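Working notes, beginning with the structure itself.
The values are calculated or read from the model by the stated rules, or taken from the named source; none is laboratory data. Source: prediction; values computed, not measured. Methodologically, a virtual Cβ is constructed for each residue, glycine included, from the backbone with ideal geometry; neighbour enumeration extends over all protein chains shown. The accessibility values were calculated without ligands, DNA or RNA, using every heavy atom of the protein model including side chains. Shrake-Rupley method; radii C 1.70, N 1.55, O 1.52, S 1.80 Å.
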Amino acid sequence: VNLGGTFLVTSAAQIEQGTMTVSGGTNQLGSTLTIAASAGSTGAVDITAGELVATNGANGGVIGVGNDGTATNGFGVGTMTVSNGTVLSCSILLGSTVGGQGQLTVQTNGLVELDCNNAMLVANDVTVDGGDVEILNGQIFCGKSHPGAMTMSNGTANSQITYVGYDSQGTLTMLAGQMTISSLLDIGFA
């Protein structure tokens, strides 16, 4: 738990069983953060204030939840909840195509900003409930090779391309909020 100040990890970080809570300050990761990559592992990342920054590394910084930092490997179950805080990265990958599960919830005053060329958010489910998801030069995949769902109950989501159910079934629910797509929205892409 970081309540303030700066926490710096100069290389990759991994959490197999447990919760990482960012309650203040700046948490700078040198490359990849993986949470719950192994079969049977569960993990959570909760950002309730402050910043979680993963923008360095060969791929620009990757946060992997329920996988090993790739969307094609890992069998864990993980969640990421952002409220009153900020996550800055190049890619956030929740779950995997081989059985890992991951869910992202962005609540009031939460900001998830992926800022690099080919930025990518991959998740089984994404819920935007009063927060903001900004991926201006990249893609959102809600479900990639498995069913996926995206729920907008308030807040904003901006991306270049959004797939809901890529190579599978997808459900997009718009209750409130604003979604801006600059290029393509595809639901149930096959």
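Observations, loosely collected:
- Taken together, the criteria exclude VAL126 from residues that are β-branched (Val, Ile, Thr), buried (at least 21 other Cβ atoms within 10 Å of the Cβ) and more than 25 Å from THR55 (Cβ to Cβ).
- Matching residues in region 82-115 - criterion: being open to solvent by 30 Å² or more (accessible area, probe 1.4 Å), more than 9 Å from the chain's Cα centre (by Cα) and not β-branched (Val, Ile, Thr): ASN84, LEU88, GLY99, GLN101, GLN107, ASN109, LEU111, GLU113, ASP115
- Given (1) within 17 Å of GLN17 (Cβ to Cβ); (2) out of contact with any Ser or Thr (no Cβ under 8 Å at 6 or more places or on another chain), number of the condition THR86 does not satisfy: (1)
- Residues satisfying the stated conditions in region 162-172, i.e. open to solvent by 40 Å² or more (accessible area, probe 1.4 Å), assigned to a strand (DSSP E or B) and either of a type in the set (S, T, N, Q) or out of contact with any Asp or Glu (no Cβ under 9 Å at 6 or more places or on another chain) (or both): THR171, LEU172
- Just one of the listed residues (LEU175, LEU136) is more than 21 Å from GLY100 (Cα to Cα), out of contact with any helix residue (DSSP H, G or I) (no Cβ under 8 Å at 6 or more places or on another chain), open to solvent by 60 Å² or more (accessible area, probe 1.4 Å) and at pLDDT 95 or above, namely LEU175.
- Apart from one condition, SER159 fits all of (1) free of Cβ contacts under 8 Å to residues at least 60 places away in the same chain; (2) farther than 20 Å from VAL82 by Cβ; the exception is (2).
- Selected residue (criterion: nearest to GLY110 (Cα to Cα)) from residues of region 9-52 that are hydrophobic (A, V, I, L, M, F, W, C) and open to solvent by less than 10 Å² (accessible area, probe 1.4 Å): ILE47
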